[in-house]
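Novice: Can you keep this structure in mind? I'll have questions shortly.
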Amino acid sequence: AKVAGRNRHAWFDRAMERSIQARAELETGLRIAIPQAQIVPFFEQQVDLATGRITGFEVLARWEHPTRGLIMPDMFIPVAEQTGMIGELSLSVMRQAFTAARDWDAGLTLSVNISPIQLRDAWLAQKIIKTLVETGFPASRLEIEITESALFENLALAQSIVGSLKNQGIALALDDFGTGYSSLAHLRALPFDRIKIDKSFVGSILDNAESAAIVNTIVRLGDSLNLPITAEGIEDDAVEKRLCAIGCTKGQGYLYGRPLGAAHVRRLLAEKRLL
Ligand code: C2E
Ligand code: CA
Ligand code: CA
Ligand code: CA
């Protein structure tokens, strides 16, 4: 038993070591990936549910790793947040996204995700506005998506940053609503223009009565607060139909298309005469 115990520890130590090493490699990799613009924007269509027309895109970060291929954000965003690189990463992705989108149809918007940690940077609004000016992308076509509890760590600073962004005409969306990271209290703390319903509710709306009730309630809440709703994670027609019936106006999800790189978006928009 003693030997087995020791072996177990040895196994555990080796697994630990491997994961610590993997993590360290991710961190050093990320440190050079950001300035080399290996972290690129992908774009996921957002559509008007009533007409099916594209209204804009959510910007989603991807790591085009030189040897490992495409790495998804769940792998590297937390590392960037924990190592102080998220601000640089975010601005690099925004710069590339704004540059790509500035000559798309003038009606198309971009929604960009901001990590709550970035709301501790007193210069965040100035940095975003500078990036807009330098790339020539209009502030009125930008929406910023915010999740999270950590808003309350420094609410006064978050409010002042958001105030500066809104003064420029940038819109604000409360992301992942209902998941526990975003709550009713947040709706009052910051001047949101839109609520996004998380895909965990949307995907199960047809076969789970609780999900249906929650989505219904969020849409009605949005109605009474005058906040339009975007539903995320729409994968089939039946879900789209139900959301439409409930009164949801905007949606996104694999039904309309997977997130695409800038070159693919250009081709898609050319076909639709939206360039
Ligand atoms: P999110 O903001 O909730 O973004 C939506 C996620 O759902 C995306 O995953 C998207 O690809 C996925 N999705 C969209 N439609 C569907 C669908 O119909 N079915 C399914 N199964 N999934 C769908 P992704 O790109 O892996 O992003 C994961 C998360 O990483 C995002 O969640 C967001 O919180 C974060 N993230 C991505 N890019 C950035 C960024 O530039 N900055 C920050 N701070 N966070 C980012
Ligand atoms: Ca989002
Ligand atoms: Ca999110
Ligand atoms: Ca979500």
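The values are calculated or read from the model by the stated rules, or taken from the named source; none is laboratory data. Model, not experiment: these values are computed from the prediction. Positions of Cβ are backbone-derived with ideal geometry, glycine not excepted, and every protein chain shown enters the neighbour counts. For accessibility, only protein heavy atoms count, side chains too; no ligands or nucleic acids. Shrake-Rupley method; radii C 1.70, N 1.55, O 1.52, S 1.80 Å.
Novice: Can P41 be described as of a type outside the set (A, V, I, L, M) and surrounded by 22 or more Cβ atoms within 10 Å (Cβ to Cβ)?
Specialist: Numbers: of a type outside the set (A, V, I, L, M): yes; surrounded by 22 or more Cβ atoms within 10 Å (Cβ to Cβ): yes.
Judged against the criteria, P41 is a match.
Novice: What pairs come out if I take residues in the range 122-135 that are closer than 11 Å to M94 by Cα and pair them with residues that are open to solvent by 10 Å² or more (accessible area, probe 1.4 Å) and acidic (D, E) whose C-beta lies under 8 Å away, six or more apart or interchain?
Specialist: Correct list of pairs: K127/D121.
Novice: When the residues of the range 144-155 are narrowed to those that are open to solvent by 40 Å² or more (accessible area, probe 1.4 Å) and more than 17 Å from I195 (Cβ to Cβ), which ends up modelled with the highest pLDDT?
Specialist: L155
Novice: Tally time: how many residues in the range 206-228 are part of a loop (DSSP other than H, G, I, E, B) and touching a Ser or Thr at 6+ places or on another chain (Cβ under 7 Å)?
Specialist: Going through the range 206-228 one residue at a time, the tally reaches 1.
Novice: Return the residue satisfying two criteria in turn: it lies in the range 196-220 and is away from ligand 4 (no atom under 12 Å from the Cβ) and in contact with a Phe, Trp or Tyr (Cβ under 9 Å, 6 or more places away or on another chain), and of such residues it is most open to solvent (accessible area, probe 1.4 Å).
Specialist: Ranking the qualifying residues of the range 196-220, first place goes to E210.
Novice: Consider L190 carefully, then state whether it is within 30 Å of N154 (Cα to Cα) and open to solvent by less than 40 Å² (accessible area, probe 1.4 Å).
Specialist: Taking the combined requirement at face value, the residue satisfies it.
Novice: Could you grab me the full set of residues in the range 237-268 that are over 24 Å from D193 (Cβ atoms), touching a strand residue (DSSP E or B) at 6+ places or on another chain (Cβ under 8 Å) and not aliphatic (A, V, I, L, M)?
Specialist: Those that are over 24 Å from D193 (Cβ atoms), touching a strand residue (DSSP E or B) at 6+ places or on another chain (Cβ under 8 Å) and not aliphatic (A, V, I, L, M): G257, R258, G261.
Novice: Let me ask another. Quick one: in the range 156-183, of everything that is within 15 Å of ligand 2 (Cβ to nearest atom) and either modelled with pLDDT of 95 or more or in a helix (DSSP H, G or I) (or both), which residue is surrounded by the fewest Cβ atoms within 10 Å (Cβ to Cβ)?
Specialist: In the first step, residues of the range 156-183 are kept if they are within 15 Å of ligand 2 (Cβ to nearest atom); the result is 171-179, 181-182.
Keeping just the survivors that are either modelled with pLDDT of 95 or more or in a helix (DSSP H, G or I) (or both) gives 171-173.
Details: A171: 19, L172: 17, A173: 23.
So the residue we want is L172.
Novice: Scan the range 96-117 and tell me whether some residue there is under 24 Å from S224 (Cα atoms) and modelled with pLDDT of 95 or more.
Specialist: yes
Novice: With respect to A37, is the statement that it is in contact (Cβ under 8 Å) with a residue 40 or more places away in the chain and in a loop (DSSP other than H, G, I, E, B) true?
Specialist: yes
Novice: Here is a follow-up. Could you list, in sequence order, the residues of the range 44-97 that are among the hydrophobic types (A, V, I, L, M, F, W, C), in contact with a strand residue (DSSP E or B) (Cβ under 9 Å, 6 or more places away or on another chain) and farther than 19 Å from I32 by Cα?
Specialist: Scanning the range 44-97 gives V47, L49, I54, F57, V59, L60, A97.
Novice: Kindly provide the set of residues from the range 237-265 that are touching a residue at least 12 places away in the same chain (Cβ under 8 Å), in a helix (DSSP H, G or I) and surrounded by 13 or more Cβ atoms within 10 Å (Cβ to Cβ), ordered by number. If you could, list the steps in order and put the result at the bottom.
Specialist: Residues of the range 237-265 touching a residue at least 12 places away in the same chain (Cβ under 8 Å): 237-240, 242-244, 246-262, 265.
The next check asks that each one be in a helix (DSSP H, G or I); those that pass are 237-240, 242-244, 246, 262, 265.
V239, E240, R242, L243, C244, I246, A262, V265 - these are the residues of the range 237-265 that are touching a residue at least 12 places away in the same chain (Cβ under 8 Å), in a helix (DSSP H, G or I) and surrounded by 13 or more Cβ atoms within 10 Å (Cβ to Cβ).
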